[in-house]
C-alpha cells in the first residue's frame with residue numbers, strides 16, 4: 001500500500017528542513033520531494049521560500065559541494081560535472097563559481113592517475129586501438145578531449 005499521508009504546511013516544512021539538512025539539495029530535488037508529498041502550489045511556494053530564507057536551500061553551496069564530491073570521490077571531469085549540474089537546472093553563474101573549487105594541478109594529476117590506472121586493464125595488443133580505448137574512457141569520465149589526448153600522447 002502506498003503512503004498517502006497528508007501533510008500540513010508546518011509538517012512539510014519540518015520534513016523538508018530535515019531533507020535539506022541531511023545533504024545539500026538543489027531546487028529540482030526539493031521540488032520533486034514536494035511533488036511526491038502532493039502539496040498544493042501555494043504550499044510548495046511557501047515551503048521553498050522558507051527553505052531559501054533560512055538557508056536550507058542554497059544553489060551556490062549545492063553546486064560547490066557537488067563539484068567537490070564528484071571530482072574528489074568519483075574522479076569526474078569538468079564536462080561531466082557541468083552536464084550533471086545543467087540537468088539539475090543549476091545556473092551557469094553557479095556552475096562557473098563551483099568549478100573554481102577544482103585546483104588545476106589536482107585536475108591534471110587526477111586525469112594522469114586515472115589514465116595510468118586504466119591502461120593495464122585494457123586488453124588490446126594494437127597500440128593505436130589501446131590508446132583510443134584509453135582516450136574514450138577518459139572522455140566518458142568527463143575530461144576535455146584536448147587534455148585527454150595530451151595525457152594519452154605522453155603515455156604512448
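A compact table of results
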{"read-out": "Failed item in (1) under 26 Å from residue 93 (Cα atoms); (2) not in a helix (DSSP H, G or I), with residue 17 passing the rest", "value": "(2)"}
{"read-out": "Unmet criterion (only one of (1) touching a helix residue (DSSP H, G or I) at 6+ places or on another chain (Cβ under 6 Å); (2) crowded, with 21+ Cβ neighbours inside 10 Å; (3) closer than 29 Å to residue 115 by Cα) for residue 77", "value": "(1)"}
{"read-out": "Failed item in (1) under 16 Å from residue 82 (Cβ atoms); (2) at pLDDT below 95, with residue 126 passing the rest", "value": "(1)"}
{"read-out": "The lone exception for residue 28 - which of (1) touching a residue at least 60 places away in the same chain (Cβ under 8 Å); (2) more than 21 Å from residue 138 (Cβ to Cβ); (3) touching a helix residue (DSSP H, G or I) at 6+ places or on another chain (Cβ under 8 Å); (4) assigned to a helix (DSSP H, G or I) it fails", "value": "(3)"}
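The values are calculated or read from the model by the stated rules, or taken from the named source; none is laboratory data. Only a predicted model underlies this, so the values are computations on that prediction, with no experimental measurement involved. Cβ atoms come from the backbone with ideal geometry, glycine included; neighbour counts cover every protein chain shown.
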